[in-house]
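Chemist: Handing you a structure now.
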Amino acid sequence: MDRMPAPQPRRYSRRDFLKLSGAGAGSILGSGFLGGTAMAGGLRLLAPEALQLARVYPRNARDAQALASFDDTHAVFPDGSAEFLLWPGDRTKLDKLGLEYRITVANLRDDLSTGRRATGLEPQPGERTAYRVLNDYVLDLQTLATQHPDKARVFEYPLLSLEGRKVYGIEIAANVHAVDGRPTVCMDGVHHAREWPAAELPHMFGYDLLQSYGTDERVTAIMDNARVVLTSVMNPDGFDHSRGAPTDTDPGSYLAYWRKNERSYTDLFYSTANVDAHGTDPNRNYPFFWGGEGGNTDPQNQTYAGSAPYAEPESRNIANMMKSRQVTSYLTHHTYGKLVMRPWGNTSDPSPDNDFQRDLGAQITAINKYTNQIGLQLYPTSGTSRDWSYDALRTIVYTFEHGTAFHPAYLSTVPAQYALNRIPFLLVMEAGVNPENHGVIVGKVVDAAGAPVAATIRAKKSFDTLTAAEARIPETIDTTAPARPDGTFELHVNPSTRPRTIMAGGGPEAWDLTIEAPGGTHATQLVIDRGDRVDLETITI
């Protein structure tokens, strides 16, 4: 018989500590653990508390403020109580605060079984039997682009993640490789790593668009008249951390409930990059009202906003993509709470487009039965992609909070969620496609002899986005479209005056429009509102 080799001593990294203990880094350094000790590979570990869900009953504004440091699940009840995810030590903190609460789930264990599909539900586009892992999304995008080469184009965002991963998106349109002035409509998911359905739903929408083009009139009209950009996993490090977590550990799968990215803040145990990540919340890292209420300054907090606006590659990737296009509607997916939220998250002052977005939200929620509200009605937020995109681009924008859990069993929820929301998704996209909801600039470029000129039409605007402390973050939107062979052009643009300028009583803002041709440049400024069509007629260069 061959002799088994002698076991070799093992070096434990920070991530090993996390896996062995079943806890997140913030939990280890924050509240600590309760209970006895356990042995794992010769390493003495503290036995962790189970993750729990609690319904908490705040008595006043002070109680509500104290709860801001806890992990809110977005479930708010008519009596003013709210549901929270309790990490190790949180129950002790609730007791010290003297708050009334009721434990609703004593041991939050993931149920990643397939579940049972809703009776009679037809197969949905892109449906699977279980949640995808990160590489599944990449392979799917490549397959879709190969199968639909004239309608789908996979692209890489310029910035790698903190752990060196590529971030992928897919652009879907009729004649996708053409360069023209069509508007862009966007969806993204997984700003928050644990919200797995938020990746599945935009991904399934991509399958739907490509399968339905030519047979579904609404899909065909969207793809003919706009470009659809889908980013299913904008936070790949955090998602891989969460989705790849073991689910068979007792008492719970802490890693699966990781919310943030993998930003590292300490060098405990090893200096290898990110092995001791505490993370930044990417959806608190956009510059609009950054640092305000709802974005925490403690790296161990679930809503840590980062060291500065745009400090994280995830937020810069999404913002830079949107600033290079005319994004006329944008839907960002989250879980959970069954909410359709519009701006703002930091004030109850109505936005200039509040009536329009409220009414469109009412059409949406009449179908999916979610609650139609402004973001602040859930709780204060700052630095979110929703409010930033509205403030910077004046895009039509919503946050959808899907379902009643961060990542429930797949088959019993995700296909039904897609079926329920397909028409709401189309409504948001159609709102961005409809020229009555944005501006259109048309004209014709000719030379002195009246012949068509090969020209580029550029709409550009530079401005500052204000943080909560009124620091100015410089931004530029810069979009181009070519003239057609006959010299005519059509460029779809967002309204030129930003909402905060309107609310502050400021004067109108304009697009800097230049028409660039080999023989010269024509420059002008255009003030454009929703539904405006500006005909520059014939421009001689």
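Chemist: Separation between the L121 and T220 pseudo-spin-labels, each 7 Å from Cα along Cα→Cβ, expressed in nm?
Modeler: Modelled inter-label distance: 2.9 nm.
Chemist: Using R₀ = 25 Å, calculate the FRET efficiency as 1/(1 + (r/R₀)^6) where r is the Cβ-Cβ separation of H177 and I423; round to 0.05.
Modeler: 0.30
Chemist: Multiply the residue separation of T521 and D359 by 0.36 nm, subtract the distance between their alpha-carbon atoms, and state the gained length in nm to one decimal. Working shown, then result.
Modeler: Numbers: separation 162, 0.36 × 162 = 58.32 nm, distance 4.21 nm.
Here the segment from T521 to D359 would lengthen by 54.1 nm.
Chemist: Using the Karplus equation 6.51 cos²θ - 1.76 cosθ + 1.60 (θ = phi - 60°), what ³J(HN,Hα) coupling, rounded to whole Hz, does each residue of the stretch 412-426 give in order, writing x for Gly and Pro?
Modeler: For the stretch 412-426, the Karplus curve yields 7, 10, 5, x, 5, 4, 5, 4, 5, 9, 4, 5, x, 4, 4 Hz.
Chemist: Oh, and also: Need one word for the stretch 118-174: rounded, prolate or oblate. Basis is the Cα gyration tensor (sqrt eigenvalues a ≥ b ≥ c); a/c below 1.5 gives rounded, then a/b vs b/c decides. It would help to have the intermediate numbers written out before the result.
Modeler: On the way: a/c = 3.00, a/b = 1.41, b/c = 2.14.
Judged from the Cα gyration tensor, the stretch 118-174 comes out oblate (a/c at least 1.5, b/c at or above a/b).
Chemist: Turning to a different aspect of this structure: Check Q326: other-chain or 5+ apart residues with amide H under 5 Å from its amide H, H built from backbone geometry?
Modeler: The answer is T184.
Chemist: To continue, here is another question. For Cα extents along the principal axes in Å, pick the label among [x] 84, 57, 46; [y] 79, 68, 58; [z] 90, 67, 52 that corresponds to the value derived from the coordinates.
Modeler: Here the calculated entry is [z].
Chemist: Work out the FRET efficiency for A504 and A61 from their Cβ-Cβ distance, taking R0 = 30 Å, and round it to the nearest 0.05.
Modeler: Taking R0 as 30 Å, the efficiency between A504 and A61 is 0.60.
Chemist: Work out from phi, with θ = phi - 60° and the Karplus expression 6.51 cos²θ - 1.76 cosθ + 1.60, the ³J(HN,Hα) of each residue of the stretch 118-126, listed in order in whole Hz, and give x for Gly and Pro.
Modeler: For the stretch 118-126, the Karplus-derived couplings read 4, 4, x, 6, 5, x, 9, x, x Hz, x marking Gly and Pro.
Chemist: Then there is this: Put a dot 7 Å past each Cα toward the Cβ at K166 and T146; how far apart are the dots in nm?
Modeler: 1.4 nm
Chemist: Once amide H atoms are placed 1.01 Å from N in the peptide plane, what residues at a sequence separation of 5 or more from V493, or on another chain, have their amide H within under 5 Å of its amide H?
Modeler: The answer is G439, V440, I441.
Chemist: Sequence-distant or interchain residues sharing an amide H contact under 5 Å with N296, placed H: which?
Modeler: Close amide H contacts, sequence-distant or interchain: T303, Y304, A305.
Chemist: Sorting check: for 204-217, 521-534, which peptide has the highest mean count of neighbouring beta carbons within 10 Å, and how do the rest follow? Could the numbers behind the result be given before it?
Modeler: On the way: 204-217: 18.1, 521-534: 14.9.
So the order, starting with the most tightly packed, is 204-217, 521-534.
Chemist: Give me the extension gain from Q373 to T404: residue separation times 0.36 nm, minus the current Cα-Cα distance, reported in nm with one decimal. Numbers along the way, then the final one.
Modeler: Values: separation 31, 0.36 × 31 = 11.16 nm, distance 1.74 nm.
Taking Q373 through T404 to full extension adds about 9.4 nm, to one decimal.
Chemist: Another question about this same structure. With a 1.4 Å probe and every protein chain left in place, tell me how much accessible area E293 has, in Å² to the nearest 10.
Modeler: Roll a 1.4 Å probe over it and E293 shows about 130 Å².
Chemist: Right, here's the next one. Using label points projected 7 Å from each Cα along Cα→Cβ, tell me how many nm separate R472 and V133, to one decimal.
Modeler: Those two pseudo-labels are separated by 5.0 nm.
Chemist: While we're looking at this one, here's another question. If you place +1 on the Cβ of every Lys and Arg, -1 on the Cβ of every Asp and Glu, and leave all else neutral, what size is the dipole of the stretch 280-439 about its Cα centre, to the nearest 20 Debye? All intermediate terms of the calculation are to be shown ahead of the outcome.
Modeler: Values: 11 positive and 14 negative charges, 71 e Å.
The dipole of the stretch 280-439 has a size of about 340 debye.
Chemist: Can I ask one more? Could you rank L513, L420, L121 by how accessible they are, 1.4 Å probe, largest area first? Before the final figure, lay out the partial values.
Modeler: On the way: L513 5, L420 70, L121 40 Å².
Reading off the accessible areas and sorting them downward yields L420, L121, L513.
Chemist: Ordered by residue, what ³J(HN,Hα) values in Hz, to whole numbers, does the stretch 260-265 give under the Karplus form 6.51 cos²θ - 1.76 cosθ + 1.60, where θ = phi - 60° and Gly and Pro are x?
Modeler: 9, 8, 10, 4, 9, 10
Chemist: Divide by every residue of the chain the summed helix terms, -39500 (n - 2.57) for each DSSP H run of at least 4, and state the resulting mean residue ellipticity at 222 nm, rounded to the nearest 500 deg cm²/dmol. Show your work: numbers first, answer last.
Modeler: Numbers: 13 runs with 138 residues, N = 541.
Computed mean residue ellipticity for the chain: -7500 deg cm²/dmol.
Chemist: Just the accessible area per residue of the chain, please: how many Å² with a 1.4 Å probe?
Modeler: On the way: 22040 Å² over 541 residues.
It amounts to 41 Å² per residue over the chain.
Chemist: Quick one: dipole size for the chain, taken about the Cα centre, charges +1 on Lys/Arg Cβ and -1 on Asp/Glu Cβ, in debye to the nearest 20. All intermediate terms of the calculation are to be shown ahead of the outcome.
Modeler: Numbers: 52 positive and 64 negative charges, 231 e Å.
Around 1120 debye, computed over the chain.
Chemist: Moving on to the next point. Find the lysine pairs in the chain meeting two conditions, Cα atoms under 25 Å apart and a separation of 8 or more places or different chains, and report how many there are.
Modeler: Within the chain, the lysine pair count is 15.
Chemist: Could you give the length gained by full extension between S412 and A106, i.e. 0.36 nm per residue of separation minus their alpha carbon distance, to one decimal place?
Modeler: Details: separation 306, 0.36 × 306 = 110.16 nm, distance 2.24 nm.
Additional length available on full extension: 107.9 nm.
Chemist: Another question, then. Tally up the carbon and sulfur contribution to the accessible surface of the chain as a whole percent, 1.4 Å probe, everything protein left in place. List each step's numbers first, then the result.
Modeler: On the way: 11160 of 22040 Å².
Solvent-exposed carbon and sulfur of the chain make up 51 percent of the total.
Chemist: What is the calculated FRET efficiency for D464 to V442, with r their C-beta to C-beta distance and R₀ = 35 Å, to the nearest 0.05? Don't skip to the answer; put the middle values down first.
Modeler: Numbers: r = 30 Å, r/R0 = 0.87.
Computed FRET efficiency for D464 and V442: 0.70.
Chemist: Round to the nearest 10 and report in Å² the accessible area of I502, as given by a 1.4 Å probe over the protein chains' heavy atoms.
Modeler: The value for I502 is about 70 Å².
The values are calculated or read from the model by the stated rules, or taken from the named source; none is laboratory data. Everything numeric in this text was worked out from a predicted model, so none of it was measured. Positions of Cβ are backbone-derived with ideal geometry, glycine not excepted, and every protein chain shown enters the neighbour counts. Note: accessible area is taken over every heavy atom of the protein model, side chains too, but ligands, DNA and RNA are not part of it. Shrake-Rupley method; radii C 1.70, N 1.55, O 1.52, S 1.80 Å.
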